[in-house]
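The values are calculated or read from the model by the stated rules, or taken from the named source; none is laboratory data. This one's a predicted model, so the numbers in the text were calculated from it and none came from an experiment. Here the Cβ positions follow ideal geometry from the backbone for every residue, glycine too, while neighbour counts run over all protein chains shown. Remember, those area values only see protein heavy atoms, side chains included, never the ligands or the DNA or RNA. Shrake-Rupley method; radii C 1.70, N 1.55, O 1.52, S 1.80 Å.
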Amino acid sequence: MDIIINDHSYSLPEGTTLSQALDAASIVPKGIATAVNGEVIPAPRRSSHILSPNDKILIIKAFYGG
């Protein structure tokens with residue numbers, strides 16, 4: 001199935017979880033927020049959230065500065 005992570009397309013097997021998709025995209029899951037199709041998915045739910053074809057995942061990285 002095809003999904004999109006921050007405007008980049010990935011082809012992953014059916015039944016892939018959000019955590020597995022992050023791994024496949026080499027995204028370190030620390031210090032990030034995730035949303036799938038506009039719905040925020042908290043870190044504890046990433047390993048149980050099953051993705052669907054054409055899901056759009058948004059990754060936002062926290063940063064500090066001023």
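I'd like the full set of residues that are open to solvent by less than 70 Å² (accessible area, probe 1.4 Å) and among the polar types (S, T, N, Q), limited to region 1-14. I'd like the intermediate steps shown before the answer.
To start, the set of residues in region 1-14 that are open to solvent by less than 70 Å² (accessible area, probe 1.4 Å) comprises 1, 3-6, 10, 12.
Residue satisfying the conditions is N6 alone.
Can you pull out every residue in region 1-20 that is touching a His at 6+ places or on another chain (Cβ under 9 Å) and hydroxyl-bearing (S, T, Y)? Across region 1-20, the qualifying residues are T17, S19. Looking only at residues in region 15-56 that are charged (D, E, K, R) and within 16 Å of I4 (Cβ to Cβ), the one that is least open to solvent (accessible area, probe 1.4 Å) is D55.
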